[in-house]
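What follows is a set of notes on a single structure, which appears directly below.
The values are calculated or read from the model by the stated rules, or taken from the named source; none is laboratory data. Not measured: the values here are computed from a predicted model. Here the Cβ is made from the backbone with ideal geometry for all residues, glycine too, and neighbour counts use every protein chain on show. Note: areas computed on protein heavy atoms with side chains; ligands, DNA, RNA excluded. Shrake-Rupley method; radii C 1.70, N 1.55, O 1.52, S 1.80 Å.
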Amino acid sequence: MSDNNKGRWWEDYLVRYLTPMLLGTMLIAGLITIIAYDGDFNKLKSGFLLSENKEANASAFFGLLILGFGFAYLSSTPITIFHAGRMFRKGMNKFAGYAWIAWFLITLTLLIVWITYSILCNQRLGDWFVFCMLIAAALPSLWMFVGQSYVIWIIRRDRGPEEDKDKDKDKFEDYYSKLATARNTSPWAREIRESYTHLREHSNSVFICVAEISLSAAILLLWRLSSGQSDVFWIFLLTTGLLWISPNVLLWSVANRLEKYLTKNW
């Protein structure tokens, strides 16, 4: 944590990623149990978490924590792009709130049906309903993937022809130029920033948890679609993971472009 942020402890990455890391660790343990140990947690304990003399395997627990942190970080990559392109409120961004509300109501309805049926009929629903619940839980990750790709596309499209860059600033560069000016000139810049940063960073932590849970559902969905064939599953998983993080590669060039603009005009 830098000296300037000591009063804003919630901006520290350790605090921001602590809950997502712990949740990611639990989700990774659950995925390993289902995929590698046929859903038997006792097999996970005896084969991985406990040593031969039935003592806790410290290296295994530490490894799970590292995997949990990595899972949390990779799950959060779309949020970086959403944050970078937050000045655009059109297209998918315009309807993001409505999409989240619609998904919430649909998923809540399915959950109520599941619980009500189980209680009244005293029996479990079929595999088809579990499959539907997995799809519903995986939908936010699909929305985030399409959304981050859309935001990157908007940022790059908004750039305009290279020969016109000396005439006008695009919306992306103009936003960050004004933001930097406001933070450096306003005597109340720190107080104003704290008023919204506190809310956003806590929401960001929860957003990462939502992304982790939804990605876990997507991974289980891939496992079911692969019919337990490990080679097919790993092809699905690696391809999906590569697609998930690839838009951030384009964000690197966008950041370089912003740096170039600020260097020339400040």
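For region 98-107, the Karplus equation 6.51 cos²θ - 1.76 cosθ + 1.60, evaluated at θ = phi - 60°, returns couplings of 5, 5, 5, 5, 4, 4, 4, 5, 5, 5 Hz by residue, with Gly and Pro reported as x.
The stretch between MET92 and PHE41, if pulled fully straight at 0.36 nm per residue, gains 14.3 nm over its current Cα-Cα span. Counting heavy atoms of the protein chains alone, MET26 has an accessible area of about 140 Å² for a 1.4 Å probe.
How high is the FRET efficiency between THR263 and LEU111 when r is their beta carbon distance and R₀ equals 45 Å, given to the nearest 0.05? Numbers along the way, then the final one.
Working: r = 52 Å, r/R0 = 1.15.
So the FRET efficiency works out to roughly 0.30.
Residues of region 66-111: accessible area per residue at 1.4 Å, in Å²?
Details: 2620 Å² over 46 residues.
Counting only protein heavy atoms, the per-residue value for region 66-111 is 57 Å².
Using heavy atoms of the protein chains and a probe of 1.4 Å, the accessible area assigned to TRP143 is about 80 Å².
With R₀ fixed at 41 Å, the C-beta to C-beta distance from VAL249 to CYS132 puts the FRET efficiency at about 0.75.
Site pair ALA58 and SER177 shows an inter-label distance of 5.6 nm when each label is modelled 7 Å from Cα along Cα→Cβ. Residues SER214, SER227, sorted by accessible area with the largest first, give SER227, SER214 [1.4 Å probe; ligands and nucleic acids excluded]. Accessible area per residue was computed with a 1.4 Å probe on protein heavy atoms; LEU243 scores about 90 Å². 3J(HN,Hα) along region 130-136: 4, 4, 5, 5, 5, 4, 4 Hz, from the Karplus curve 6.51 cos²θ - 1.76 cosθ + 1.60 with θ = phi - 60°, whole Hz, x for Gly and Pro.
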